[in-house]
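What follows is a short report on a single structure.
The values are calculated or read from the model by the stated rules, or taken from the named source; none is laboratory data. Everything numeric in this text was worked out from a predicted model, so none of it was measured. Cβ placement follows ideal geometry from the backbone for every residue including glycine, while neighbour counts extend to all protein chains displayed. For the accessible areas, the whole protein counts, side chains as well, though only heavy atoms, and no ligand, DNA or RNA atoms are used. Shrake-Rupley method; radii C 1.70, N 1.55, O 1.52, S 1.80 Å.
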Amino acid sequence: MIHAVVMAAGKGTRMKSDLPKVLYPVLDRPMVEYVLDALEQCGVEKILTVVGYCSDLVRQTLAHRKNLVFVEQSEQLGTGHAVMMCRDELKNYNGPVMVVAGDCPMIQTDSVKKLLDAYLEPFPACILGTAHKENPAGLGRIVRDVNGEFMRIVEEKDATPEQKAITEVNMSYYVFRTPDLLDALTYLKTDNVQKEYYITDAPAVLKNQGKKVVALPVLKPIESLGINTVEEAKIVEDALRGM
């Protein structure tokens, strides 16, 4: 059985809407529906959906989906904190868990399958999907060592000028071995510009413990089309129409 965590608690303050961000319509569907579709099509059987802002409305909107378990994040203290809220649901589960954002309607089913298939081969502590993007502005950069092995993710707000020049970017698609994820969560700190718990720090925690972490550049650049503004929503809609 494959589990997933979908982070869907945010407000989306730049969307000029009172809706929770993940319910903002993209081609007349809440954007989170595209994410849930992709996960279900890849065989994910249990989806922990982390809700916060207007959580009752999110629950009501997604009530037709039978494999969702809603988890409340009453305070939004970062992506790592959102995953922390799922500890009780995951503590007795030892299989793979995919962690994705709920505001990525360009998620591609074949990309999810590639990551899940890669996990089933060597059973690493973590696999993260990356992509190369000509203009990586706004995205976390993948830092590798001299041998090309994954070292860590650096958020743009925390990146040096040299790190900002890196074109391989984090796409917020992760597959963790669940016990390793739960262990990594205990080491997350808020020593960053945002003063938040970043799930992006978890792979580096596992790497520093000597566990196997793999960054696979198998995702399509189009999947980096996120939605933070009304204008970006229109860009995503045009891209979806062209697929």
* To do: Could you please let me know if Ile166 is outside any helix (DSSP H, G or I) and modelled with pLDDT of 95 or more?
  => yes
* In segment 41-54, is there at least one residue being more than 24 Å from Asn92 (Cβ to Cβ), part of a helix (DSSP H, G or I), among the hydrophobic types (A, V, I, L, M, F, W, C) and more than 14 Å from the chain's Cα centre (by Cα)? -> no
* Structure fact -> In segment 77-102, anything more than 22 Å from Gly226 (Cβ to Cβ), open to solvent by 10 Å² or more (accessible area, probe 1.4 Å) and in a helix (DSSP H, G or I) is listed as Met84, Arg87, Asp88, Glu89
* Asked: If we scan segment 116-123, do we find a residue that is surrounded by 12 or more Cβ atoms within 10 Å (Cβ to Cβ), closer than 22 Å to Leu225 by Cβ and not hydrophobic (A, V, I, L, M, F, W, C)?
  -> no
* Structure fact -> Listed by first then second residue, the pairs whose first member lies in segment 72-98 and is over 18 Å from Val175 (Cα atoms), whose partner is in a loop (DSSP other than H, G, I, E, B) and aliphatic (A, V, I, L, M), with beta carbons under 8 Å and at least 6 positions apart or on separate chains, are Glu72/Met85; Gln73/Ala9; Gln73/Met85; Gln76/Ala9
* To do: Could you please let me know if Leu48 is within 25 Å of Leu185 (Cβ to Cβ), touching a helix residue (DSSP H, G or I) at 6+ places or on another chain (Cβ under 8 Å) and open to solvent by less than 30 Å² (accessible area, probe 1.4 Å)?
  => yes
* **Hits in segment 132-184 - residues which are open to solvent by 60 Å² or more (accessible area, probe 1.4 Å) and within 26 Å of Glu121 (Cβ to Cβ)** => His132, Arg144, Val146, Asn147, Glu149, Met151, Arg152, Arg177
* When you go through (1) crowded, with 18+ Cβ neighbours inside 10 Å; (2) within 17 Å of Arg87 (Cα to Cα) one by one for Tyr187, which number turns out not to apply? -> (1)
* Asked: Which members of segment 173-227 meet the condition of being closer than 15 Å to Leu139 by Cα, part of a helix (DSSP H, G or I) and of a type outside the set (S, T, N, Q)?
  -> Ile199, Asp201, Pro221, Ile222, Glu223
* Residue that is nearest to Lys21 (Cα to Cα) [pool: residues in segment 55-67 that are part of a loop (DSSP other than H, G, I, E, B), modelled with pLDDT of 95 or more and open to solvent by 50 Å² or more (accessible area, probe 1.4 Å)] -> Ala63
* To do: Taking only segment 10-34 into account, find how many residues are modelled with pLDDT of 90 or more and at positive phi.
  => 2
* Under 6 Å by Cβ, and 6 or more places apart or on different chains, what pairs join a residue from segment 219-234 that is over 18 Å from Ala38 (Cβ atoms) with one that is surrounded by 15 or more Cβ atoms within 10 Å (Cβ to Cβ)? -> Ala233/Ile227
